[in-house]
1. Just to be sure I understand the filter: pairs with C-beta atoms under 6 Å, separated by 6 or more residues or on different chains, first member in segment 581-600 and open to solvent by 20 Å² or more (accessible area, probe 1.4 Å), second member among the hydroxyl-bearing types (Ser, Thr, Tyr). Which pairs pass?
2. Only residues in segment 368-396 that are open to solvent by less than 80 Å² (accessible area, probe 1.4 Å) count as the first member; pair them with residues that are at pLDDT below 90 and acidic (Asp, Glu), Cβ under 7 angstrom, at least 6 apart or cross-chain, and list the lot.
3. If you go through segment 490-509 one residue at a time, how many are in contact (Cβ under 8 Å) with a residue 60 or more places away in the chain and open to solvent by less than 30 Å² (accessible area, probe 1.4 Å)?
4. Select, from 606, 614, the only residue that is open to solvent by 70 Å² or more (accessible area, probe 1.4 Å), of a type outside the set (A, V, I, L, M) and more than 31 Å from the chain's Cα centre (by Cα).
5. Hey, residue 188 hits all of (1) within 23 Å of the chain's Cα centre (by Cα); (2) without any contact (Cβ under 8 Å) to a residue 60 or more places away in the chain; (3) assigned to a helix (DSSP H, G or I) but one; which does it fall short on?
6. Testing residue 476 on (1) assigned to a loop (DSSP other than H, G, I, E, B); (2) surrounded by fewer than 20 Cβ atoms within 10 Å (Cβ to Cβ), one condition comes back false. Which one is that?
7. Name the residue that is most open to solvent (accessible area, probe 1.4 Å), counting only residues in segment 511-533 that are modelled with pLDDT of 85 or more, closer than 21 Å to residue 583 by Cα and in contact with a Lys or Arg (Cβ under 7 Å, 6 or more places away or on another chain).
8. Name the pairs: first residue in segment 431-460 and under 30 Å from residue 534 (Cα atoms), second residue open to solvent by less than 50 Å² (accessible area, probe 1.4 Å) and of a type in the set (Phe, Trp, Tyr), Cβ to Cβ under 6 Å, at least 6 apart or on different chains?
Amino acid sequence: MRARVVVLVWPVLLALALAAPQQNPPVFRTTTNIVALDVTAVDKDGKPVKGLKASDFVVMLDGQQRPVQTVDYVEFGGGTAIAPATSTTPATLAAARAAATDRRVVVILFDDQSITPLTGRSLTAAANRTIDQFGPDDLIGVTSIGGMLPTVNPTTDRIALKAAILKMIGRAEVSPTPPFYISPLEAVEIDRGLTEDTLNRVAVRECELAGLGDKMIDACRAMISGLSRGYASDLRHRAAMQMDAYRQIIAVLKPFKGAKVVIALSGGVPTVADVGELPRQLEPIMREAAESGVRFYGMAEETDMTSMTAQSNEQDRARVTSDRAMFDGLATVASAAGGEAFHVIGQGDRFFTRIAAETSAIYRLGIDAPPNATSARYINAKVSVKRPGVTVRANRKALSASAAPVVVPIDDQLRTAVKYGGIDAAVPIRVASTVRRELAGAAVQIGVNVEMPADVAGPVTTMFSLVDVAGASVRAGRTTLAQPAAGQPYFFAFPLSVPSGKYTLRVATADATGRVGSAEQSIGAELQRLGNFTASQVLISWTSLSGERLLALDALPAGVKTLHAAIELYPDDAAAMATDIVVRFELSRIGETAALMSREIHPTATGTVLSATTDIEFGTLGAGSFAIRAIVAQSGVEKGTLTAVIRKASLQ
């Protein structure tokens, strides 16, 4: 798999936004606390519905129906506006007339992290064919999530815009778990480890196809399990990066006047990786959309029922089911931010046409705030109308402009992050863990390494919580890390002693600027039975340039030269210590039976623990996924195999 890509804020677009004239929020001169909310009302074809009055709207704020005091209908894209339907105050009339001269600002956001080089072409082609359906004075820009593709600031220059759109190419991996096909849904289910059903189903489907059936089935299952854990981690980070990118682009548009629209061309959002985390990830997007007055739309290609690369009908079914779940994630984001997502079958022209029509007019509502919401800036909102056949799109957050944004203390933000979990890429965090037995007693020790990039503004404050399957925190801690030496990452390590079981480790970090990021990792803190022994996991580490011995992260840096592999065996009794034990370490590429390295080690005894260790030259191997196996034999009889999966990043 490719090394994780960090999302950038688009500096050119941001610079333009900072230079744009500041938008003044609507001013309501009244003694009542008024909540502002922009809504779109469209018919079945996506055309704006005119002439709605205050009495036509049903607005629920924090679950309470509230009266609509003012309604202003404003059109964009044609340079004219319809007079307000019911507003009679000079202030709101002036605001509506001023808005009539504003233009739409549209940003096409190409989600290159979720679209492969082989997909997405129908979306960009449709964008180029239909972009002229927006008004000639509308400002339209294009950018990408990864920040490595062309960026065009919002402009009326359609030639430059179309040229940039043609260069939009996806960067997501076509086959992230070779030689197996493991869908995102399957990877997440296997990683959670709640049942063996998904792992068994994938192994039955994939192992024979990869030539790893019969005697290799146990090794194949271990490979699939290891690849799934790494893939699930990538999916969580991808979802976090997408959410943060959406929030950032919405925030960038805040200073612009007029109607503001984001159209994300995407392969979907893997919210399936963190269903419980979804509300917390959506909250900053909804708040930013309320602050900036942005409507968010998404488009994704419908998956073909059959694929030329699929090797079985079962693979096709798994792919289609998972891709539809990914689209559902994109649709959830769009709906929460006042827009809609469209699943494109064939050409996507009609969906761009629909978005152009839908965003050509808005109703600006002024609503009485609930009595108990005088200090709340963001209020939960739900809007409908009393006319049949009319669809209303609205942000799920309404903005109370009279209430100042609430400043949440950093420690409270960190506590919330570790309480609810999930991934937030605002501060990139990488976590590695390993499992062994405590030297004294029967408890299991989880060794944890946490790393953050050198360019994070320091000092940083970090909290962690280890959560059991019931959701209870069984271990927690807090630390502050000073800015490291130039070019060196932040790093700290700690052990956790726990009873055997399944856990989730949650880590949250705040940098010196107040940005908060989070990460989490599923951990099976269980020892494996091998004959007369229990055994640790395969302990994989590497040595950094500074000489520190680091646990292997989910994807090793490309420059790693040597890996250190080890296992520990814990005999049931003294008799087991005296028997002839040999550990054979093997390294192979995932999906290949031939070993790239094979070495036998006789364990050494330290007290009641037998340890076998070897070094593996890794520098000459290309990028890809590898299996490290430790095959334990006792008196010439194999007792079992321990397997670890390691991914080496490419040099890009």
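The values are calculated or read from the model by the stated rules, or taken from the named source; none is laboratory data. Predicted model only: the values in this text are computed from it and were never measured. Virtual Cβ from ideal backbone geometry, glycine too; neighbours counted across all protein chains shown. Heavy atoms of the whole protein, side chains included, go into the accessibility calculation; ligands, DNA and RNA do not. Shrake-Rupley method; radii C 1.70, N 1.55, O 1.52, S 1.80 Å.
1. 586/598; 595/588; 596/588; 599/614
2. 370/62; 373/62; 379/62; 380/62
3. Number satisfying all stated conditions: 4.
4. Among 606, 614, only 606 is open to solvent by 70 Å² or more (accessible area, probe 1.4 Å), of a type outside the set (A, V, I, L, M) and more than 31 Å from the chain's Cα centre (by Cα).
5. Here residue 188 clears every test but (2).
6. Going through (1) assigned to a loop (DSSP other than H, G, I, E, B); (2) surrounded by fewer than 20 Cβ atoms within 10 Å (Cβ to Cβ) one by one, residue 476 breaks only (1).
7. 527
8. What qualifies is 437/570; 448/494; 450/492.
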